[in-house]
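Working notes, structure below.
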Amino acid sequence: ADEDDNNVQRRAVKRRTEEEKAMIENLRKKSRQEYLKKREQKKVEEIKCDIEEEGHLFEVDKLTESEQRELRYKKEIVDLVTKKQWSEEEADVYRIPEEYDNFEGGSVNQKKRFSVTTQRYKDEREIHPQQAWEQNQLDNATLHFGSKDRKTTDYQFVFENQIDFLKAAVMDSDGVSVNVDKQQPTSESSVKKSKLNEDRKDLPIYPYKDALLQAVQDHQVLIIVGETGSGKTTQIPQYLHEAGYTKNGGKIGCTQPRRVAAMRVAARVSHEMRVKLGHQVGYSIRFEDCTSEKTVLKYMTDGMLLREFLREPDLASYSVIMVDEAHERTLSTDVLFGLVKDVARARPDLKLLISSATLDAEKFSDYFDCAPIFKIPGRRFPIDIHHTKAPIADYVDAAVVTALQIHATQPQGDGDILIFLTGQEEIETAESIIKHRIKGLGTKIAELITCPIYANLPTELQAKIFEPTPEGARKVVLATNIAETSLTIDGIKYVIDTGFCKIKCYNPRTGTESLLVAPISKASANQRAGRSGRTGPGKCFRLYTAHSYMNDLEDNTIPEIQRTNLANIVLLLKSLGIKDLLNFDFMDRPPTEALLKALELLFALGALDEDGKLTKVGEKMAEFPLDPMLSKMIVASDKYKCSAEIISIAAMLSVGNSVFYRPKDRQDQADNAWMNFHIGNVGDHIALLKVYNSWKDTNFSTQWCYENYIQVRSMKIARDIRDQLEGLLERLGIELNSSVNDLEAVKKSIISGFFPHAARLQKNGSYRTVKHPQTGHIHPSSGLSQVLPRWVVYHELVLTTKEYMRQVTELKPEWLVEVAPHYYQLKD
Ligand code: ADP
Ligand code: MG
């Protein structure tokens, strides 16, 4: 992944941007000579320094070909710059090949766009270093200005790149697109007014407070619809609290589809109420409970409320449940609908609020027995929507270019920028490109502050996006879907919409689930655009064509329940005593095939018996807030007397792929450290266990993590998770046993949960599972990727350029027969 990142970065620094052109143009007019001198001097110094450093670090013949090429380029540039001689020919050497961003023809299938992008990522491993080129381009330009024998007017910018947008429409305050000609942006005064710091009374919901409270009093179930940012999430629970709904000890629970949103909103509300987070106002997300006895306003993920049904099937401790962000239609929210609807019938005193940011609330109303809809009139300013003229192959780069374009050409301090990307990796890439380019532009350009926000962003960094932008600077927020409706960031005037998001896809045939980068829906696109017009007229730049918007995007995103693995939810519903899943009151039914697949897996894992009833093993499994295969692995570790090791492994697997750390400048050391944990080709599960245990042996030392290129933050999370799993073991009466020297026992426990993921090596080096054949390759980051054992078991299958198995361990086929005789039999 690191290497990919490198390539992404190299690829992206390649092109100059429109405002860099403008910058140089400006400088040329102002103080050309002075600038040139400094610039040249600086560049030469920098490059010399570069060369020295690299020459010092590497022996040239040990460099890869592309590194050698880079060094050569840099040397040549230094020579050219110092000699100040440019012939046409020389200048041409540095021109990069034809622009290949734009495809011929109008409509390009979005999927193809994506595959082309990944193709390019690959190709550019071979392309010469972009940085040298970039450096040169700048020097190239400045030298041209400076040479006396050239007429400056002759100068032609050699920058390629510039993204052309066409203005398509203006979205009016109802979110309806109207023709550009018919509507003009509103006056300046509204912009100014909106800039005033919004306090609670300024929010669109405030004038409707009394009416809303009345409606809640009059109706048990209420659907609430209001534009993002109108105050639904932060205000409604407070209004209800003030109106006395928590007086008799009942809590107000508010669900969020995303953990970051639950945390941030709770933090905001506790701030508004001037109480400490975790006291009256708290949040609860998986593996993190920040509530106390005192808590009356509880924000939580929808998944957490689902789990609360296990302890409290009638939600007796709640007086109000607000299912927020209902339009997102996550799996947990959809299942919650069915459950809370049932509880509400049995408990007339429970108030149920379903809130949504989209206007099509009739469906919710129909589902909840024609519940009334309370609309909070929006306050949205007109938004100019721009589409690209031609499809764009590389949306990360295009987004960066567009942001810089806006930053350089729009008045200082007139509003912040919000870019929608698909995930952490992309966000980090974009962030580093922006920083790099801004640095390259020197001090002549106003400050641009980058603020990333995504699900795994450390808590202490999350608050940054809400901090007001300093005078004279501009903020660019790099966000995933989370900023679409869950979090409102004030002060956004420009939205850059890449048109993609990550979505979960499930193949019921093979039972594999993958996260794919896929085009968003029209509804999403409009929500994203809407983020720019909240406090004044906004602008939205879509990095796709108007044609693509019209023809390639679906109207709405398919609800998650129809495209995901249901094993988890089926186990939960079974343990809630719901027998007939096929007739459960789903708002949109999941595919029968997926339901059956989930039942089949749970049966294979021993969680359900032949009649579909929950077994003792299943009861235990349901206690763990983990995927059924992981829970089964833990439950099985009791038998193999290695529960201590298995919960460490489960905790380490739960922090994902962010355990090892490989800084660009110390890759060798990092690789050595990594090797230490993989000695003997023990496989990735055992390697993770070794990491955990070694860390524990140093008494959880931070220093040890640094020395071993292990990410401290991930380890701390893992430790936290492990503690909780240990607590669960105790509750379930599973003894904490350790058999650190019996790795076979550990592996057998793993297989007890993951035997459906057992795969056998094929002639071509790929692997294939036994039942429901699924092929995959060992991920390059695995300790076994060079070893290729005959039989392996994998933790997960991810689809990137190929189908990759992540976290792989070798196994003996006899174990399969021993551990899962109902699933595997020996062939004679
Ligand atoms: P809705 O749920 O209707 O989308 P919210 O209640 O989330 O609206 O947000 C209302 C307003 O509260 C936002 O416009 C913003 O000004 C402010 N706000 C919400 N969360 C935060 C936060 N974490 N930090 C600062 N301001 C916030
Ligand atoms: Mg909200």
- Note on the structure: The one condition Pro391 fails out of (1) within 14 Å of ligand 1 (Cβ to nearest atom); (2) open to solvent by less than 30 Å² (accessible area, probe 1.4 Å); (3) in contact with a Ser or Thr (Cβ under 7 Å, 6 or more places away or on another chain) is (1)
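Considering every residue within the range 207-227, establish whether at least one is open to solvent by 20 Å² or more (accessible area, probe 1.4 Å), small (Gly, Ala, Ser) and over 24 Å from Tyr367 (Cβ atoms).
Restricting attention to the range 207-227, the residues satisfying the condition of being open to solvent by 20 Å² or more (accessible area, probe 1.4 Å) are 207-211, 213-214, 217-221, 227.
Those left that are additionally small (Gly, Ala, Ser): 211.
Subsequent filtering for residues that are over 24 Å from Tyr367 (Cβ atoms) retains none.
No, there is no match, as no residue in the range 207-227 is open to solvent by 20 Å² or more (accessible area, probe 1.4 Å), small (Gly, Ala, Ser) and over 24 Å from Tyr367 (Cβ atoms).
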- Scanning the range 413-435 residue by residue, those out of contact with any Leu (no Cβ under 9 Å at 6 or more places or on another chain), in a helix (DSSP H, G or I) and open to solvent by less than 30 Å² (accessible area, probe 1.4 Å) turn out to be Ile433
- Message: Every residue in the range 381-396 that is in contact with an Asp or Glu (Cβ under 9 Å, 6 or more places away or on another chain) and acidic (Asp, Glu), please.
- Response: Asp394
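Is there a residue in the range 662-676 that is within 27 Å of Leu732 (Cβ to Cβ), open to solvent by 50 Å² or more (accessible area, probe 1.4 Å) and assigned to a helix (DSSP H, G or I)? Write out each step before concluding.
The first filter runs over the range 662-676 and keeps only residues within 27 Å of Leu732 (Cβ to Cβ), leaving none.
No, every residue in the range 662-676 fails to be within 27 Å of Leu732 (Cβ to Cβ), open to solvent by 50 Å² or more (accessible area, probe 1.4 Å) and assigned to a helix (DSSP H, G or I).
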- Which pairs do you get when a residue that is without any contact (Cβ under 8 Å) to a residue 12 or more places away in the chain, found in the range 728-755, comes within reach of a residue that is open to solvent by 60 Å² or more (accessible area, probe 1.4 Å) and not in a helix (DSSP H, G or I), reach meaning Cβ atoms under 8 angstrom, with the pair 6+ apart or on two chains? Glu730/Leu736
- Query: So how many residues does the range 247-263 have that are open to solvent by 40 Å² or more (accessible area, probe 1.4 Å) and either closer than 17 Å to Gln462 by Cα or part of a helix (DSSP H, G or I) (or both)?
  - Reply: 2
- Message: Based on this model, can you work out whether His407 counts as within 16 Å of Ser532 (Cβ to Cβ) and in a strand (DSSP E or B)?
- Response: no
- Message: For the range 291-331, give me each residue that is more than 16 Å from ligand 2 (Cβ to nearest atom), within 27 Å of Val655 (Cα to Cα) and open to solvent by 30 Å² or more (accessible area, probe 1.4 Å).
- Response: Thr291, Ser292, Met304, Arg307, Glu308, Leu310, Arg311
- Can you tell me which residue within the range 455-472, out of those that are part of a loop (DSSP other than H, G, I, E, B) and out of contact with any Asp or Glu (no Cβ under 9 Å at 6 or more places or on another chain), is farthest from Thr422 (Cα to Cα)? Glu471
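Table: residues versus (1) buried (at least 20 other Cβ atoms within 10 Å of the Cβ); (2) of a type in the set (Val, Ile, Thr); (3) in a loop (DSSP other than H, G, I, E, B).
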position	(1), (2), (3)
Ile686	yes, yes, no
Lys690	no, no, no
Tyr706	no, no, no
Asp723	no, no, no
Glu726	no, no, no
Leu729	yes, no, no
- What pairs can you find where one residue is in the range 222-236 and under 20 Å from Tyr283 (Cβ atoms), the other is within 10 Å of ligand 2 (Cβ to nearest atom) and part of a strand (DSSP E or B), and their Cβ atoms are less than 6 Å apart, with a gap of 6+ or different chains? Lys232/Gly226; Lys232/Ser355
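Could you pull out every one of the strands (runs of 3 or more DSSP E) wholly within the range 485-561 that has 2 or more residues that are modelled with pLDDT under 90 and more than 16 Å from ligand 1 (Cβ to nearest atom)? Outline the logic, then answer.
Values: elements: 492-497, 500-507, 512-519, 538-542.
The strands (runs of 3 or more DSSP E) meeting that bar are 500-507, 512-519.
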- Task: Could you check, for the range 638-650, whether at least one of its residues is more than 23 Å from Trp791 (Cα to Cα), within 28 Å of the chain's Cα centre (by Cα) and open to solvent by less than 10 Å² (accessible area, probe 1.4 Å)?
- Result: yes
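With the condition kept exactly as written, say whether any residue in the range 404-412 is open to solvent by 20 Å² or more (accessible area, probe 1.4 Å), more than 16 Å from ligand 1 (Cβ to nearest atom), modelled with pLDDT of 90 or more and over 22 Å from Leu240 (Cα atoms).
Residues of the range 404-412 that are open to solvent by 20 Å² or more (accessible area, probe 1.4 Å), as a first pass: 405, 408-412.
When the remaining residues are screened for being more than 16 Å from ligand 1 (Cβ to nearest atom), the result is 405, 408-412.
Filter once more, so that each one left must be modelled with pLDDT of 90 or more: none.
Within the range 404-412 (the criterion being open to solvent by 20 Å² or more (accessible area, probe 1.4 Å), more than 16 Å from ligand 1 (Cβ to nearest atom), modelled with pLDDT of 90 or more and over 22 Å from Leu240 (Cα atoms)), the answer is no, since none of the residues qualifies.
Yes or no, residue by residue, for (1) at pLDDT below 95; (2) aromatic (Phe, Trp, Tyr); (3) within 22 Å of Val798 (Cα to Cα):
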| site | (1), (2), (3) |
| --- | --- |
| Trp695 | no, yes, no |
| Ile717 | yes, no, no |
| Leu732 | yes, no, no |
| Ile750 | no, no, yes |
| Ile778 | no, no, yes |
- Query: Here are Glu242, Glu272: which of them is open to solvent by 20 Å² or more (accessible area, probe 1.4 Å) and either of a type in the set (Gly, Ala, Ser) or away from ligand 2 (no atom under 15 Å from the Cβ) (or both)?
  - Reply: Glu242
- Message: I'm trying to understand the selection: among the residues of the range 218-230, which are over 16 Å from His327 (Cα atoms) and either in contact with a strand residue (DSSP E or B) (Cβ under 9 Å, 6 or more places away or on another chain) or near ligand 1 (Cβ under 6 Å from one of its atoms) (or both)?
- Response: His219, Gln220, Val221
- Query: Hey, any hits in the range 447-462 for a residue that's more than 16 Å from ligand 1 (Cβ to nearest atom), open to solvent by 10 Å² or more (accessible area, probe 1.4 Å) and among the small types (Gly, Ala, Ser)?
  - Reply: no
- Message: Quick check on this structure: which one of Pro773, Pro756 is part of a loop (DSSP other than H, G, I, E, B), of a type outside the set (D, E, K, R), within 22 Å of Leu605 (Cβ to Cβ) and out of contact with any helix residue (DSSP H, G or I) (no Cβ under 6 Å at 6 or more places or on another chain)?
- Response: Pro773
- Out of (1) part of a loop (DSSP other than H, G, I, E, B); (2) open to solvent by less than 30 Å² (accessible area, probe 1.4 Å); (3) touching a residue at least 12 places away in the same chain (Cβ under 8 Å), what's the single condition that is false for His279? (2)
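To keep it simple, each residue is scored yes or no on (1) more than 23 Å from Val221 (Cβ to Cβ); (2) in contact with a Cys (Cβ under 6 Å, 6 or more places away or on another chain); (3) in a helix (DSSP H, G or I).
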{"residue": "Ser284", "(1), (2), (3)": "yes, no, no"}
{"residue": "Val335", "(1), (2), (3)": "no, no, yes"}
{"residue": "Asp349", "(1), (2), (3)": "no, no, no"}
{"residue": "Leu352", "(1), (2), (3)": "no, no, no"}
{"residue": "Asp360", "(1), (2), (3)": "no, no, no"}
- Task: Of the conditions (1) more than 16 Å from ligand 1 (Cβ to nearest atom); (2) over 25 Å from the mean Cα position of the chain (by Cα); (3) of a type outside the set (Gly, Ala, Ser), Phe287 clears all except one; give me its number.
- Result: (2)
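Among Arg259, Arg274, Arg264, which is the only one that is modelled with pLDDT under 95 and either in contact with a His (Cβ under 8 Å, 6 or more places away or on another chain) or within 11 Å of ligand 1 (Cβ to nearest atom) (or both)? Walk me through it before giving the result.
Numbers: Arg259 fails: either in contact with a His (Cβ under 8 Å, 6 or more places away or on another chain) or within 11 Å of ligand 1 (Cβ to nearest atom) (or both); Arg274 fails: either in contact with a His (Cβ under 8 Å, 6 or more places away or on another chain) or within 11 Å of ligand 1 (Cβ to nearest atom) (or both).
Testing whether each residue is modelled with pLDDT under 95 and either in contact with a His (Cβ under 8 Å, 6 or more places away or on another chain) or within 11 Å of ligand 1 (Cβ to nearest atom) (or both) leaves just Arg264.
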- Qualifying residue in the range 740-749 (condition: out of contact with any Cys (no Cβ under 6 Å at 6 or more places or on another chain), farther than 27 Å from His822 by Cα and not in a helix (DSSP H, G or I)): yes
- Item | Pairs where the first residue, in the range 411-427, is farther than 16 Å from Thr535 by Cβ and the second is open to solvent by 10 Å² or more (accessible area, probe 1.4 Å) and aromatic (Phe, Trp, Tyr), C-beta under 6 Å, 6+ apart | Gln424/Tyr454; Ile427/Tyr454
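The values are calculated or read from the model by the stated rules, or taken from the named source; none is laboratory data. No experiment lies behind these values; they were computed from the predicted model shown. Every residue, glycine as well, gets a Cβ built from its backbone with ideal geometry; the counts of neighbours run over all protein chains shown. In case anyone asks, the SASA skips ligands and DNA or RNA and just uses the protein heavy atoms, side chains included. Shrake-Rupley method; radii C 1.70, N 1.55, O 1.52, S 1.80 Å.
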